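Take a look at the structure set out below.
The values are calculated or read from the model by the stated rules, or taken from the named source; none is laboratory data. Model, not experiment: these values are computed from the prediction. Here the Cβ is made from the backbone with ideal geometry for all residues, glycine too, and neighbour counts use every protein chain on show.
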Amino acid sequence: MSAAGSIVAAALALAACGGGAGSSGGGLAFRAVWERAAIIAEQPVGCGMPRPTAGPGGFGAEIPAAVSLIQIQIEAANGRACCVRLEKRADRRRVSFVDVPAGQAQVTISGFAGLEYAPRLALPECRLDPAADNPVSSPCTGGSPDISPNPSFQSAPTCVDIPSAGTRDAGNISIFARPFVLLGDCDGPQLVPPPRGTASATIAFTVADAGGAIRPDSIRAAVLQGSQTVEVALGAPTSCDDGADPKCSCGAEPLQVTGVRNLGRILDRSLLQPGPARLQISATDLGGQTTEFTYGFTYAIPTVTETPTPTATPSLTPIPTEPPTPTPPIVLRIIGDRVVPGEVASLNVSLEVPRGVSVAALEQQIGFVATVVRLSGCVREPAIRDHRFFWGLDPPGCEFGCDILHTTILPVDGSPLPSTVLYTCGFSVDDEAAAGTYPLTCLSAAATDSENQRLPLVCIPGQVEVPSP
């Protein structure tokens, strides 16, 4: 006996016949409804918990743009479990299953933005009715290795009783939008490091949501290695919106999400050893939905290889040679300005790259006197439009009294950084600022090539001048 429904239009149905473990099976029908707009509700936990109440947008049958792959996972009370993934297709609107055992079972429906967002699961594939016109399906053994689930939508685990005969209607199963980590965006690679990639200090990611806003104060990141958990300090976040600019996702079919872009750095790197590690990112949206996404990467400390000095052989007379000409260092120059209270001036940072040197990425910290100098924001210059630019004030989350500007420039398509002005920041001074000069200090600066090897660099500090009235 079977029942069927729609996964693309108004309903989704599961049909179960003839189970294992010596029991017969009946049928189960339910309808999947997707969150359409922001809701205010509590996070459901486990089976039998009340489902959240829909807000103004409510739920609908249309599958959202942020879902291109649907996963249905069934766990039976006898311990058997299966999983299947279905393509989002408008031309095949019904799905039927067979061989689900009678008794209590738990059903969870997830929606992913793509196969790369789904992990590999070691579960057998749920059997589809070969006589039905089912959507294109695939086993859950495919997907990305070494990541946790990263769905854009997910239902609460729903407990259902599959009868031994007949069909039970379990009603609507609400599938909620939830925060998820974008794996790519309009500016190129969004996740730094990418899964199975390499990182040594800088972390960058965007958390997005198709149903509501992310709570910026809920966003956390940490590096896990063995028993160590090392916090990632996050700078000031920036927003993105597929319905405005800057957008979170691009392409022929944007995901229609809003999001928060984050840049951070690993704090106590002395606790980490070079080798495998995991990055953990967590966030909560205004509807109470929470995500915790983890994936593997390689933590690396940039090393400098020294060339051994050859030992002269006593029986040979060394031939005098000219010593090699050392490669001049990269120069990072901070250029301040003259400003009077009540006006806004510019702070520029320029890069000078020697011939034959290729710079892929830069990271810098500039210290300033927070009681006098107040930064209002930084923008990258057009010459580095092919690179990602992040800036933030430290300590992370501060609004007043910030005394460190932290900037990071990362490659998108492998293009090296040119000799140019990299970015410009606007600043003003306190109305009571005394006349004089105030330093713009190079607290730290690092440049790396395309293989993440550190390059020699000199940072030249600058100053802000407040003239006498």
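Of a type in the set (Ser, Thr, Tyr), in contact (Cβ under 8 Å) with a residue 60 or more places away in the chain and under 25 Å from VAL466 (Cα atoms), is that true of SER346? Considered against the rule, which asks whether it is of a type in the set (Ser, Thr, Tyr), in contact (Cβ under 8 Å) with a residue 60 or more places away in the chain and under 25 Å from VAL466 (Cα atoms), SER346 comes out as yes.
Note on region 250-269: residues that are in a loop (DSSP other than H, G, I, E, B) and at pLDDT 85 or above amount to 4.
Sort out which residues of region 150-165 are in a loop (DSSP other than H, G, I, E, B) and either of a type in the set (A, V, I, L, M) or surrounded by fewer than 19 Cβ atoms within 10 Å (Cβ to Cβ) (or both), and write them in order of number.
In the first step, residues of region 150-165 are kept if they are in a loop (DSSP other than H, G, I, E, B); the result is 150-152, 156-157, 163-165.
If the condition is that a residue be in a loop (DSSP other than H, G, I, E, B) and either of a type in the set (A, V, I, L, M) or surrounded by fewer than 19 Cβ atoms within 10 Å (Cβ to Cβ) (or both), then ALA156, PRO157, PRO163, SER164, ALA165 are the ones that fit.
Can you find a residue that is buried (at least 21 other Cβ atoms within 10 Å of the Cβ), at pLDDT 85 or above, touching a helix residue (DSSP H, G or I) at 6+ places or on another chain (Cβ under 9 Å) and of a type outside the set (Asp, Glu) anywhere in region 399-409? Checked region 399-409: at least one residue is buried (at least 21 other Cβ atoms within 10 Å of the Cβ), at pLDDT 85 or above, touching a helix residue (DSSP H, G or I) at 6+ places or on another chain (Cβ under 9 Å) and of a type outside the set (Asp, Glu). Comparison of ASP129, ASP146, ASP161, ASP169 shows that the only residue that is over 30 Å from GLN365 (Cα atoms), in contact with a Gly (Cβ under 6 Å, 6 or more places away or on another chain) and not hydroxyl-bearing (Ser, Thr, Tyr) is ASP146.
Scanning region 168-183 finds no residues that are assigned to a loop (DSSP other than H, G, I, E, B), at positive phi and over 17 Å from the mean Cα position of the chain (by Cα). Among the residues of region 126-144, write down those that are modelled with pLDDT under 90 and either part of a loop (DSSP other than H, G, I, E, B) or within 15 Å of GLU75 (Cβ to Cβ) (or both). Result: CYS126, ARG127, ASP129, PRO130, ALA131, ALA132, ASP133, ASN134, PRO135, VAL136. ALA61 meets the stated requirement of being under 30 Å from ARG215 (Cβ atoms), buried (at least 16 other Cβ atoms within 10 Å of the Cβ) and at pLDDT below 90. Just wondering, is there one or more residues in region 181-188 that are surrounded by 19 or more Cβ atoms within 10 Å (Cβ to Cβ), aliphatic (A, V, I, L, M), in contact with a Gly (Cβ under 7 Å, 6 or more places away or on another chain) and at pLDDT 90 or above? Checked region 181-188: at least one residue is surrounded by 19 or more Cβ atoms within 10 Å (Cβ to Cβ), aliphatic (A, V, I, L, M), in contact with a Gly (Cβ under 7 Å, 6 or more places away or on another chain) and at pLDDT 90 or above.
Checking GLN463, GLN453 one by one, the residue that is over 32 Å from the mean Cα position of the chain (by Cα) and under 21 Å from GLU352 (Cα atoms) is GLN463 and no other. Each residue in region 270-292 was checked for being in a helix (DSSP H, G or I) and either touching a residue at least 12 places away in the same chain (Cβ under 8 Å) or touching a Lys or Arg at 6+ places or on another chain (Cβ under 8 Å) (or both), and 1 pass. Region 350-469 holds strands (runs of 3 or more DSSP E) entirely within its bounds, and those carrying 1 or more residues that are of a type in the set (Lys, Arg) map to 373-380, 387-394.
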